[in-house]
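Colleague: Please read through the structure below; I'll follow up with questions.
The values are calculated or read from the model by the stated rules, or taken from the named source; none is laboratory data. Nothing here was measured: the structure is a model prediction, and the numbers come from that model. In this analysis, Cβ positions are derived from the backbone assuming ideal geometry, glycine residues included, and neighbour counts consider all displayed protein chains.
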Amino acid sequence: MINSLRTTYSEHIVSTYSSASTTVWYKQFWPWFIISIPASSIIVGMIQLYASLHSSSDLVKDDYYKEGLAINQVITMRDAAKDLGIEAHLTLDNLTGELILATRNVKAPTLTALFAHAALSKYDFSVTFIRIQADQYRANLEKPLTGIWNIYLESNNLWQLNGRINTNIHSKLDFNL
């Protein structure tokens, strides 16, 4: 009886394995699915490596030593503005492109403002403000401003005020010393 059960069981096992369709591993789905996970991460890594090697970042300065020396001049110019009691308030109209600068203790006929984009230096530009009244200056933008801008206001490299504005939220800026 036991021998007949063994024979029946072994025949069942043999028939099960011989009747199953066996295919080679590379024709099945799951091995390729498992291989695709690390393969895709390698491909993405190589794309990121290529992109990082072939693009430059404006956020990284090339010459730190020159930047360090220039900061002393900027500090001196800001201290000069503080000593002279200079204040400025900028109003931006993005629809017309008009910039109105209200000042205090400023005597210059023109002022220069550098608009430096917060992330991309290719968008940086300068604007010259012209005096229209005793304490008021005016300039025009060529196109509307969007995003975050650092604005550096100065007069003939004698003094400097700086401020930061998000033009998507605000249209006025008080320059701080």
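Colleague: Residues of segment 156-168 being at pLDDT 90 or above and out of contact with any helix residue (DSSP H, G or I) (no Cβ under 9 Å at 6 or more places or on another chain), which ones?
Modeller: Hits for segment 156-168 are Gly163, Arg164, Ile165, Asn166, Thr167.
Colleague: In segment 163-177, how many residues are among the basic types (Lys, Arg) and either closer than 20 Å to Gln136 by Cβ or loosely packed, with under 13 Cβ neighbours inside 10 Å (or both)?
Modeller: The total comes to 1.
Colleague: If you don't mind, another one. Can you pull out the residues in segment 90-136 that are farther than 17 Å from Phe175 by Cβ and among the hydrophobic types (A, V, I, L, M, F, W, C)?
Modeller: Hits for segment 90-136 are Leu95, Ala119, Leu120, Phe125, Ile130, Ile132, Ala134.
Colleague: In addition: I'd like the residue in segment 117-135 that is closer than 14 Å to Ala102 by Cα and hydrophobic (A, V, I, L, M, F, W, C) and, out of all such residues, is surrounded by the fewest Cβ atoms within 10 Å (Cβ to Cβ).
Modeller: Ala134
Colleague: Restricting attention to segment 136-162, which residues are of a type in the set (Ser, Thr, Tyr) and surrounded by fewer than 21 Cβ atoms within 10 Å (Cβ to Cβ)?
Modeller: Across segment 136-162, the qualifying residues are Thr146, Tyr152.
Colleague: From His12, His89, grab the single residue that is at pLDDT 65 or above and either over 30 Å from Glu142 (Cβ atoms) or not in a helix (DSSP H, G or I) (or both).
Modeller: Matching residue, one of His12, His89: His89.
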